Amino acid sequence: MNNSPKRILVVEDDMILQSVYRQKLEESGFEVFTAGNGNMALTLAKEQNPDLILLDIMLPAGMNGFDVMEQMNQDAKLKDVPVIVLTNLDSERDTAMKIGAVDYVVKANTSIEDLVTKVKTHLV
């Protein structure tokens, strides 16, 4: 049995939120990597082989979360990594789920503890 911590990539351009998510997830025993934009997210995903990705939709630098998911879907190594979309856009749930998200979390409606619980359920 592999006892190394599960690896999570947090893709969030809000540095305060990124820091809070990292801290909470690390306290819960996860190894956490962070990216502030889509290009960095794809690079880190390929390098770090995360077990799960928390992905914001609204990202700077020309590539949004949907673009990231579409790129991942075309990569044999990344297409099976579960993605939890993390956004304040309540209107994009259908799009996210169609592209392949395993869950859709509206930041404003979800506590950090609830988010950690969701992460754990998708990593079992």
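For the stretch 1-42, relative contact order (Cα pairs under 8 Å, six or more residues apart, normalised by length) works out to 48 percent.
Only helical runs count toward this figure. For the chain, summing -39,500 (n - 2.57) over DSSP H runs of n ≥ 4 and dividing by all residues gives -12000 deg cm²/dmol at 222 nm. Only aspartates and glutamates eight or more places from LYS24 in sequence, or on another chain, were considered; those with a Cα closer than 13 Å are GLU113, ASP114. The eigenvalues of the Cα gyration tensor, multiplied by 5 and square-rooted, give the stretch 56-112 an equivalent ellipsoid with semi-axes of 19, 13, 10 Å from largest to smallest. Under the convention that each Lys and Arg Cβ holds +1 and each Asp and Glu Cβ holds -1, the size of the dipole of the chain around its Cα centre is about 280 debye.
Remark on PHE33: its backbone amide H falls under 5 Å from those of ILE8, LEU9, VAL10, a criterion applied only to residues 5 or more positions apart or on other chains, H modelled at 1.01 Å from N. Per-peptide packing, taken as the mean over residues of other Cβ atoms within 10 Å, places 110-116, 5-11 in the sequence 5-11, 110-116 from highest down. Note that the stretch 69-81 has calculated 3J(HN,Hα) couplings of 4, 5, 5, 5, 4, 8, 10, 4, 6, 9, 5, 9, 6 Hz, one per residue in order, obtained from phi through the Karplus relation 6.51 cos²θ - 1.76 cosθ + 1.60 (θ = phi - 60°); glycine and proline are x. Mean sequence separation of contacting Cα pairs (under 8 Å, at least six apart), scaled by the length of the stretch 1-116, corresponds to a relative contact order of 23 percent. Expressed as a whole percent, the accessible area of the stretch 22-124 that falls on carbon and sulfur atoms is 46 (1.4 Å probe). All distinct Cα pairs of the chain go into the 1/r average, and the inverse of that average, the Kirkwood radius, is 14.2 Å. From the alpha carbon centroid of the stretch 1-38 to that of the stretch 46-124 is 13 Å.
The values are calculated or read from the model by the stated rules, or taken from the named source; none is laboratory data. This one's a predicted model, so the numbers in the text were calculated from it and none came from an experiment. Please note: Cβ atoms are built from the backbone with ideal geometry, for glycine as well, and neighbour counts cover all protein chains shown. Side chains are part of the model used for accessible areas, which takes the heavy atoms of the whole protein and leaves out ligands, DNA and RNA. Shrake-Rupley method; radii C 1.70, N 1.55, O 1.52, S 1.80 Å.
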